[in-house]
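Taking it in order: structure first as structure tokens, then the write-up.
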């Protein structure tokens, strides 16, 4: 009986959790970590490829995906 | 943001029809601020970029991060972009 209750509780927990996992973005699958605690992104000001300065503050109000890469 | 020189990146964008904002941090101003630079104290010239991804919300707050130890590991930016759109960050 006790085992049956535990199994039922586990099933309920799985069912409750399932929609969130199914519908949510797969950050974990990509091994993207929440930045905890969240903090302000370091400001930057660099010229774009036409020489015009690009600043992080100019992008405020937009979600920014910042990707660092190079020719390795 | 790339650690390559601006002239190199300009040719790359023209040849590959790249439309998004691309910045050159050839002088390594931004890389250390984001913890995305590898150095070697025995060689001052050894200052390589790590492959790294940051998601910054509308208020300028870093919400998600992935800094990769091995640059040969890949993560498709379009997959991350899709997840960002789904997350409602």
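The values are calculated or read from the model by the stated rules, or taken from the named source; none is laboratory data. Worth saying up front: this structure is predicted, and the values here are computed from it rather than measured. Backbone-built Cβ (ideal geometry, glycine too); neighbour counts: all protein chains shown.
Observations
- Residues that are exposed (fewer than 13 other Cβ atoms within 10 Å of the Cβ) and either touching a strand residue (DSSP E or B) at 6+ places or on another chain (Cβ under 6 Å) or closer than 16 Å to residue B:29 by Cα (or both), drawn from the range A:41-50: A:43, A:47
- Within the range A:25-49, the set of residues being in a loop (DSSP other than H, G, I, E, B), more than 14 Å from residue A:66 (Cβ to Cβ) and within 7 Å of chain B (Cβ to nearest Cβ) comprises A:25, A:26, A:27, A:30, A:31, A:49.
- Residue that is under 24 Å from the mean Cα position of the chain (by Cα) and modelled with pLDDT under 90, where the choices are A:4, A:17, A:51: A:17
- Inside the range B:6-32, residues that are assigned to a helix (DSSP H, G or I) and over 12 Å from the mean Cα position of the chain (by Cα) make up a count of 11.
- Breaking point among (1) outside any loop (DSSP other than H, G, I, E, B); (2) closer than 25 Å to residue A:49 by Cβ; (3) touching a strand residue (DSSP E or B) at 6+ places or on another chain (Cβ under 7 Å); (4) more than 9 Å from every other protein chain (Cβ to nearest Cβ), for residue B:39: (2)
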